[in-house]
1. Return yes or no: is residue 259 in contact with a strand residue (DSSP E or B) (Cβ under 8 Å, 6 or more places away or on another chain) and either at pLDDT 85 or above or part of a loop (DSSP other than H, G, I, E, B) (or both)?
2. With segment 356-471 as the region, which strands (runs of 3 or more DSSP E) entirely inside it contain at least 2 residues that are at pLDDT 90 or above?
3. Residue 483 passes all but one of (1) under 30 Å from residue 425 (Cβ atoms); (2) touching a helix residue (DSSP H, G or I) at 6+ places or on another chain (Cβ under 7 Å); (3) part of a helix (DSSP H, G or I); which number fails?
4. Considering only segment 151-168, state which residues are surrounded by fewer than 24 Cβ atoms within 10 Å (Cβ to Cβ), within 22 Å of the chain's Cα centre (by Cα) and not hydrophobic (A, V, I, L, M, F, W, C).
5. Take the conditions polar (S, T, N, Q) and over 19 Å from the mean Cα position of the chain (by Cα) and apply them to residue 420. Does it pass?
6. Mind listing whichever residues of segment 343-379 are aliphatic (A, V, I, L, M) and closer than 12 Å to residue 333 by Cβ?
7. Of these, 141, 116, which one is buried (at least 17 other Cβ atoms within 10 Å of the Cβ), touching a Ser or Thr at 6+ places or on another chain (Cβ under 8 Å) and not assigned by TED's automatic domain parsing to the domain that holds residue 593?
Amino acid sequence: MSDKPEELTVRRVLRPGVAPLPSMTWRMLSNTAVAPELPKGLDAAWDTAAGLLRRVTRRRGQFLARAHRVLDLDKEITALTDARLREAAMEMRDLFRTGRDSSKDQIRAMAIVREVCFRQRGEKPYHVQVAGALALHNGCVVEMATGEGKTLTATMPAVLAGWRGRGCHVITVNDYLAKRDALSMAKIYNFCGLTVNYLEGETEEPARREAYNADITYCTNKEVCADFLRDRLVLGRMRDLASALLAKMLSGQGTDRLVMRGLHYAIIDEADSVLIDEAVTPLIISGDVPNGEQIDAYKQSAAIAGKLAQSQDYTVNRRYREIELTDSGADKVAVLAEPLGGVWAGARRREELVIQALTAREFYLLGKQYVLDDGKVVIVDEFTGRLMPDRNWREGLHQSIEAKEAVTVNPPKDTFARVSFQRFFRLYKGLCGMTGTAAEAKAEVWQIYHRPVIVIPTHRPCMRAQLPDRIYATESAKWAAVVQDIKRLHLTGRPILVGTRSVRASERLSELLTAENLPHAVLNAVRHAEEAQIVAGAGQPGHITVATNMAGRGTDIKLGRGVAELGGLHVMATERHEARRVDRQLFGRAGRQGDPGSAQAFVSLEDELVTRHAPRLTTILRGRYGNRVDELTGSVVRRLFEIAQHRAQRHALAQRKNVLKSDDYLDESLGFAGSER
């Protein structure tokens, strides 16, 4: 996991007629919409205890029992004609719109929507899907296994939220899924008397306003957050919407250019990705500020960094991703920078520039953290393997990497407005989410968002066989074992999905498979255009698919004819991830909806997870086993990966909490400073 912060930059910087604000003004924007403050000290301890109590009282058994009450109405609801079913839905809409609905009404409403799903799509939600819908309606983050029908499940709480008339945002992870889900579920919403729309990155302003005015709006986290920031810029120095409405009444201006109508209710798909993995990524509205001297400094720092030697001139702490210049290194930098003048005259600034360049060289590798696309540095999302063309590393790191790769160095941008996803989603009055993996993060989800996590059982028993990890001393021995196992399974005709953590690893494995004459498809950030076709065929007999992490997430892999009899899809992980739930997401591609399947991880003592997060024990074990090529056994080597993963998860959580504390500090200090202007 990259420790340097990233930012999402909105390409369409401002709306017509919205001028860039003074540098202090953007700092005031986050203070005009205040997220609930996190408790501290004894209050935090009490809040943690309350979270445990909430998770106990919001048991899945409660929702499963209530789901049975919904199913008990099936005979009555099924007997209704289409016309009478529509009338029943309209009656419920009127009831919910006035806020006079009771828990009994909510049960009946779920039963009505369940029948509408069947008549409009031929799919009647199962008992567990109804339980998931009830948990979502009650403000929970729901864990439902891959292939259990989360998209259909979300329609039930979305209808109930839409009936209240204040808007419901269904948040997805990309434009394709937003459009697909909105169009595929539109008949359900329309039958229930609701309008539905969706947003894409290229949606223009009038269409955006129309989309947000719909009862249900499908959109990505980036788009809804960006529109929130743009609306804050439109409001300008007006502290809140009430001030804007007052200005509208007095002068006729103030709200005409707003596209949103508030943040009332959100259902988040892939909630672990949105609320945790991308939680601290700030979305920024910014503009270019050309600075030739600054660009030259990044190029010069890359040249100086190339003349320094590790250990002699600088030290590397791989666990915390830190670079420190030695005394001799600092002296050497001073000598090399002396002819340059300008920003290089100050010791602190020149050392910061060189350390940044060394960080880019040591920790950010081509084909792993980023790729070059059309001469530009493009970040690769570690959790999905997708390219992130709108994302940049902050604090000059992106420019340092551009200088390292000798491509065009773009100037840092001037910020007009910003907000982190973590802060933004806490602004919603109603918030819930669903994902295939959330149990490991239940404490964090409560601490940050005050949402309990509910694990919903599968509709059919999971038939996936989870095989023990195979551990090797070196990477080369691990890759050789991976290829041999693929060859063995391929002879049986079973489809195989191999997950890698980087583009570089996927390309390396592809070369090894090609050398063995094993036909395969590669799905990574470089070959993302073929994603849909590759994922669709991954479950066919004899197919070998190599994919970076969770590429294709959100798309089910269906088994081809005869594959179930062969044992189903086999998933192989070529490294353990820093978050255990990401491993579970990958393994969850096998054994969906009661299908047979199996999963196994291949790891080595040279993997980044253990060398970074358990370096001492790893060094001892590498000294003991040397370059052995056979599989390693024993409780110590197996325990090593558990220790490293636990430390990595704890480290990542600490980082996210620190970012949140920093946001709170900026709110207090800069908000106060801004109000004094």
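The values are calculated or read from the model by the stated rules, or taken from the named source; none is laboratory data. A quick note: this is a predicted structure, and the numbers were derived from the prediction, not measured. Because the Cβ atoms are built from the backbone with ideal geometry, glycine has one as well, and the counts that use them run over all protein chains shown.
1. no
2. It comes to 370-373, 376-380, 430-435, 453-455, 463-466.
3. (1)
4. 151
5. No: the conditions fail for residue 420.
6. Scanning segment 343-379 gives 347, 353, 354, 355, 357, 358.
7. 141
A quick yes/no check of all residues on (1) within 21 Å of residue 295 (Cβ to Cβ); (2) surrounded by fewer than 18 Cβ atoms within 10 Å (Cβ to Cβ); (3) among the small types (Gly, Ala, Ser); (4) touching a strand residue (DSSP E or B) at 6+ places or on another chain (Cβ under 7 Å):
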{"residue": "375", "(1), (2), (3), (4)": "yes, yes, yes, no"}
{"residue": "380", "(1), (2), (3), (4)": "no, no, no, yes"}
{"residue": "386", "(1), (2), (3), (4)": "no, no, no, no"}
{"residue": "391", "(1), (2), (3), (4)": "yes, no, no, yes"}
{"residue": "397", "(1), (2), (3), (4)": "yes, no, no, no"}
{"residue": "401", "(1), (2), (3), (4)": "yes, no, no, yes"}
{"residue": "408", "(1), (2), (3), (4)": "yes, yes, no, no"}
{"residue": "411", "(1), (2), (3), (4)": "yes, yes, no, yes"}
